[in-house]
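The values are calculated or read from the model by the stated rules, or taken from the named source; none is laboratory data. Because the structure is a prediction, the values reported are computed rather than measured. Backbone-built Cβ (ideal geometry, glycine too); neighbour counts: all protein chains shown.
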Amino acid sequence: MMSDLALYVHIPFCASKCRYCDFLSFADRPGLINRYMEALADEISDSYDEYGDRCVSSIYIGGGTPSLIPEEDIGMIFERIRAVYDLRPDAEISIEVNPGSADSDKLAAYRSFGINRLSIGLQSANDDELARIGRIHTRSGFENTYRAARECGFDNINIDLIFSLPGQDKDTYAGTLKYVLDLKPEHISAYSMQLEEGTYLYEHSDEYEWPDEDEDRDMYHMSVRMMGEAGYDRYEISNFARPGYECRHNIVYWRGGEYLGFGIGAASYAGGSRFRNTEVIEEYLRGVRCSESTRLSEADEMSEFMFLGLRMSTGVRRSDFLDRFGKDMDEVYGHQISGCVRDGLMCDEMGTLFLTEKGFDISNYVFAKFI
């Protein structure tokens, strides 16, 4: 029996580029959104021949800012998806929303399409910090969007946060955490600021004061502590949820499940291969889709099983590794495992490996041992 698929749909348009963003996104040009959405719908329809017999358990519409797109276009995408795929009755269906880009009518339309989860990009509850990173919304604008979402009946909302922002300190970040926790969203993501080459903040980094590495770790530990005290489980390095509200779509990635990505630059993993769409908008509009494809070796798949699974607090089970690859985990990674356990980075208990607090702090160092 074939496993369920997860679907990712990429909407690359933004009102303006945030100063930290290196995602594939850009502003609209006359007629571009309409042409792009038509090409996107065609790509979904064209996937029928190869994947039309598969059930879908999660859909995630990301960007960019999907909530900038007219709701009719989002509805059209769901019509195409339902024409090709069998959606599970309990499928998790998410869309990213930026504050101020979705009013009550648009949110109500989302509900009518079957969208049952919102991910709202707050990033900070401090207006000065928001301005420094080029966000065009304010705390007040976020409040309006969040309130409208609740009034429309959304009962599964994620709020995105970023810490170690320019000019931020532990006190201002604590204020953001308290503000968000008082709202009681079902899910919170909290990521450390990363300076990516080619972004405004990367090019102008010397113009700002930045938290140092110790302050960054203090902010992360504060996130874990305050969210834990408020009843949120850290189920993945940067993701916290109330019981039963873990993001099922992301868990597909971390557990090595199959997913299809639609839209410019979207990545897919299916049938043991990883493939990615072109990042050139003119090519995509002409119907050019896949720009690169890689057949993963067994070594690649074992590596991903380890470093993706270890992102989760539940870790990786030896029995799952044996079932999937027919090999004992120690046969392949015994040296790495024993070293991480000896150094206090990983626990090995009851047939399961998982990161310690020390391991979470330097997780990239741990993951590199399995690559």
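Matching residues to (1) without any contact (Cβ under 8 Å) to a residue 24 or more places away in the chain; (2) over 20 Å from residue 88 (Cβ atoms); (3) not β-branched (Val, Ile, Thr):
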site	(1), (2), (3)
211	no, yes, yes
222	no, yes, yes
227	no, yes, yes
238	no, yes, yes
248	no, no, yes
251	no, no, no
254	no, no, yes
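Restricting 231, 244 to residues that are under 27 Å from residue 56 (Cα atoms), without any contact (Cβ under 8 Å) to a residue 40 or more places away in the chain and either assigned by TED's automatic domain parsing to the domain that holds residue 154 or among the charged types (D, E, K, R) (or both) narrows the list to 244. Got at least one residue in region 61-71 being surrounded by fewer than 14 Cβ atoms within 10 Å (Cβ to Cβ) and over 24 Å from residue 139 (Cβ atoms)? For region 61-71, residues surrounded by fewer than 14 Cβ atoms within 10 Å (Cβ to Cβ) and over 24 Å from residue 139 (Cβ atoms): present.
Of the residues that make up region 312-319, is at least one closer than 25 Å to residue 61 by Cβ, in a strand (DSSP E or B) and in contact with a helix residue (DSSP H, G or I) (Cβ under 9 Å, 6 or more places away or on another chain)? Yes: one or more hits. Residues in region 65-114 that are part of a loop (DSSP other than H, G, I, E, B), out of contact with any Lys or Arg (no Cβ under 9 Å at 6 or more places or on another chain) and farther than 22 Å from residue 39 by Cα: 100, 101, 102, 103. Restricted to region 121-157, and to residues that are touching a residue at least 60 places away in the same chain (Cβ under 8 Å) and on the phi < 0 side of the Ramachandran plot, which residue is farthest from the chain's Cα centre (by Cα)? In this case the residue turns out to be 132.
Any residue that is free of Cβ contacts under 8 Å to residues at least 40 places away in the same chain, outside any loop (DSSP other than H, G, I, E, B) and either surrounded by fewer than 17 Cβ atoms within 10 Å (Cβ to Cβ) or not assigned by TED's automatic domain parsing to the domain that holds residue 116 (or both) - is there at least one of those in region 19-33? Within region 19-33, not a single residue is free of Cβ contacts under 8 Å to residues at least 40 places away in the same chain, outside any loop (DSSP other than H, G, I, E, B) and either surrounded by fewer than 17 Cβ atoms within 10 Å (Cβ to Cβ) or not assigned by TED's automatic domain parsing to the domain that holds residue 116 (or both).
Pairs are defined by a Cβ separation below 7 Å, a sequence spacing of at least 6 or placement on different chains, a first member in region 329-350 that is modelled with pLDDT of 95 or more and crowded, with 17+ Cβ neighbours inside 10 Å, and a second member that is in a loop (DSSP other than H, G, I, E, B) and β-branched (Val, Ile, Thr); the pairs so defined are 345/356; 346/356. Tell me, yes or no, whether region 190-210 has at least one residue that is surrounded by fewer than 18 Cβ atoms within 10 Å (Cβ to Cβ), part of a helix (DSSP H, G or I) and at pLDDT 95 or above. Scanning region 190-210 turns up no residue that is surrounded by fewer than 18 Cβ atoms within 10 Å (Cβ to Cβ), part of a helix (DSSP H, G or I) and at pLDDT 95 or above. On the given criteria, is residue 334 over 22 Å from residue 11 (Cβ atoms), touching a Leu at 6+ places or on another chain (Cβ under 8 Å) and of a type in the set (Gly, Ala, Ser)? No: the conditions fail for residue 334. For region 320-348, the set of residues classified as closer than 21 Å to residue 365 by Cβ and either among the small types (Gly, Ala, Ser) or not in a helix (DSSP H, G or I) (or both) consists of 334, 338, 339, 343, 344, 345, 346, 347, 348, listed by residue number. Could you go through region 172-181 and let me know if any residue there is touching a helix residue (DSSP H, G or I) at 6+ places or on another chain (Cβ under 6 Å), under 30 Å from residue 315 (Cβ atoms), in a helix (DSSP H, G or I) and of a type in the set (Phe, Trp, Tyr). Within region 172-181, one or more residues are touching a helix residue (DSSP H, G or I) at 6+ places or on another chain (Cβ under 6 Å), under 30 Å from residue 315 (Cβ atoms), in a helix (DSSP H, G or I) and of a type in the set (Phe, Trp, Tyr).
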